[in-house]
Amino acid sequence: MTWIKKYAEKRSAQDARFKAAYEEEQALLGLVRARQQANLTQQDLATTLKVSQPYIAQIERGSKPISLSFLVRYANAVGASVQIAPQTEMGRSLS
């Protein structure tokens, strides 16, 4: 585990706002990676989803909110899926 990941894990356990921001950032990075692995440009994806390329850029940057339905459409377009899991506390499932 990298020092950044260790720091983020420790800080997330102490600060709920940090945890939410970190998880959001990781999700956005996952979207970008999935798009790139699908060999799609932002323009390709925008055309498929019938939105503008700047809109895709804003979503990937985190400056534009994204609805769950659009997140699912984005994931489907890049061959990925959206998974929702219970939150964990110190590595244990809360369920």
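How about segment 23-79: which of its residues are without any contact (Cβ under 8 Å) to a residue 24 or more places away in the chain, among the aliphatic types (A, V, I, L, M) and open to solvent by less than 30 Å² (accessible area, probe 1.4 Å)?
Those that are without any contact (Cβ under 8 Å) to a residue 24 or more places away in the chain, among the aliphatic types (A, V, I, L, M) and open to solvent by less than 30 Å² (accessible area, probe 1.4 Å): Ala46, Ile56, Ala57.
Grab the helices (runs of 4 or more DSSP H) fully contained in segment 1-86, keeping just those with 3 or more residues being of a type in the set (S, T, N, Q).
By residue number, 16-37, 42-49.
The values are calculated or read from the model by the stated rules, or taken from the named source; none is laboratory data. The model shown is predicted, which means the values in this text are computed figures rather than measured ones. A quick note on method: Cβ atoms are made from the backbone with ideal geometry, for glycine too, and the neighbour counts reach across all protein chains shown. Accessible surface areas use protein heavy atoms only, side chains included; no ligands, DNA or RNA. Shrake-Rupley method; radii C 1.70, N 1.55, O 1.52, S 1.80 Å.
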